[in-house]
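Before any comments, here is the structure.
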Amino acid sequence: MSATPSTGRLRPAPVFGATSSRWADDLTGIYTIWLREVRKFWRDKPRIIGATVQPALFLLLLGTGIGQGIPHAFGVETSSREFAPGVPDYLTFIYPGIIAMTLLFTSVFSAISIIWDREIGFLKEVMVAPISRAAVSVGKTLGGSTVAMLQGCLMLLFAPFLDVHFSWAAAAALLPLLLYISFSLTAMGIAAASRMRSMQGFTVIMNFLTLPMFFLSGAMFPVDGLPRWMTVLVTLNPLTYGVDALRSVVIGFHRYGVLQDLVVMGVFGVAMLALAVRGFESRD
């Protein structure tokens, strides 16, 4: 018997096996990066306390102080029993807006960890790991959005003190909604941080963006009857729709409708995530 001659050809690469392996590596990378961000947050107790007390003070001081003049400025009679249809007073009206403020600032400034990781060399180690840059972006975005969602959940504990009551179904709907809004906002911060190397510069730029976003979102005042130029900015602001979605679920008052809110926030989040991936691919 003669042995079968060797053809000298290499075996074809296991395309599907390699693809599944890359997916497994990316998923492992996403989970690892997400877990690191959540553990950092959980172990930083002063950060948790500060990020909870600050919005509470904002709610108490601004809600009480500005609330004395806002109803009159927007033509709400002092004798009226409702600030808006179904909303008893100004403090209740801004409560979902303060939750949105917590999500905005926690989400965006969680991205500063990217610049810190770059300075200490940790980000370079992540970049040479056998995972895609998209996985790094998604892991960072999921980690930051989970932290922001937890902060938003802490703000829900103030609801009974404001005489705001929502059903268990509404509470169950709030958790994914908080995560959904936080994901879009965190992606914006990641997109910016992936292109910046200075923490001071990141802080200045983000404050420049987030403060107008917050004040033009309708979080602190009704958006009806505003000057035309301000109405345009409010309509273009993606956070407006996040505030509207939260207000719809928490106190049952909305302007646009939840479906429109989710579509706008989703499109904004996908666009920001694409910019974040592109930023990682081009800079590191």
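The values are calculated or read from the model by the stated rules, or taken from the named source; none is laboratory data. Quantities reported herein were computed from a predicted structural model and do not represent experimental measurements. Cβ: placed from backbone, ideal geometry, glycine included. Neighbour counts: every protein chain shown. Accessible surface is based on the protein model in full, side chains and every heavy atom, while ligands, DNA and RNA are left aside. Shrake-Rupley method; radii C 1.70, N 1.55, O 1.52, S 1.80 Å.
At q = 0.11, 0.17 Å⁻¹, what base-10 log of I(q)/I(0) does the Debye formula yield for the chain when every alpha carbon is treated as an equal point scatterer in vacuo?
Scattering profile of the chain, log10 relative to I(0): -0.67, -1.36.
About its Cα centre, what dipole magnitude does segment 140-284 give when the only charges are +1 on Lys and Arg Cβ and -1 on Asp and Glu Cβ, stated in debye to the nearest 20?
380
Where does the charge balance sit around Val243 when Lys and Arg score +1, Asp and Glu -1, over other residues with C-beta under 13 Å from its C-beta?
0
Using a 10 angstrom cutoff on alpha carbons, build the Gaussian network for the chain and name the most mobile of Val258, Val138, Val147.
Val258
Mind checking the full-extension length gain between Glu82 and Ala173? Use 0.36 nm per residue of separation minus the Cα-Cα distance, one decimal, nm.
Contour length minus the Cα-Cα distance gives 30.2 nm.
For the chain, modelled as a GNM with alpha-carbon contacts under 10 angstrom, which of Gly252, Gly201, Gly63 fluctuates the most?
Gly201
Which of rounded, prolate, oblate describes segment 124-252, given a ≥ b ≥ c as roots of the alpha-carbon gyration tensor eigenvalues and a/c under 1.5 marking rounded, otherwise prolate only if a/b is larger than b/c?
oblate
Calculate, for segment 103-173, the solvent-accessible area per residue in square angstrom, rolling a 1.4 angstrom probe over the heavy atoms of the protein chains.
For segment 103-173, the per-residue accessible area is 43 Å².
Considering only protein heavy atoms and a 1.4 Å probe, what is the carbon-and-sulfur percentage of the accessible area of the chain?
68
Could you tell me which helices of the chain pass both thresholds, a Cα extent of 15 Å or more along their own axis and a mean Kyte-Doolittle hydropathy of at least -0.5, with helices taken as whole DSSP H runs?
Those that clear 15 Å and a mean of -0.5 are 15-43, 45-57, 90-110, 133-156, 168-193, 199-215, 238-250, 258-283.
Would you please give the residues with an amide H less than 5 Å from that of Phe83, counting only those at least 5 places away or on a separate chain, with H modeled from the backbone geometry?
When sequence neighbours closer than 5 places are left aside, the close amide H contacts are Asp89.
Using a 1.4 angstrom probe, figure out how much accessible area segment 234-284 has per residue, in square angstrom, rounded to the nearest whole.
On the way: 2270 Å² over 51 residues.
I get 44 Å² per residue for segment 234-284.
Using a cut-off of 15 Å between beta-carbons, work out the net charge of the residues near Val164 (Lys and Arg +1, Asp and Glu -1, Val164 not included).
Residues near Val164 contribute -2 overall.
Round to a whole angstrom and tell me the spacing of the C-alpha centers of segment 134-179 and segment 205-246.
When both Cα centres are located, 20 Å separates them.
Let me have the relative contact order for the chain, percent, based on Cα pairs under 8 Å that are six or more residues apart.
Relative contact order comes out at 24 percent.
Report relative contact order for segment 133-247 in percent, whole number only (criteria: Cα-Cα under 8 Å, sequence separation at least 6). Write out the running numbers ahead of the final one.
Working: 58 pairs, mean separation 29.4, N = 115.
Value for segment 133-247: 26 percent.
Count charges around Lys40 for me, please; just the other residues with Cβ under 13 Å from its Cβ, Lys/Arg as +1, Asp/Glu as -1.
+3
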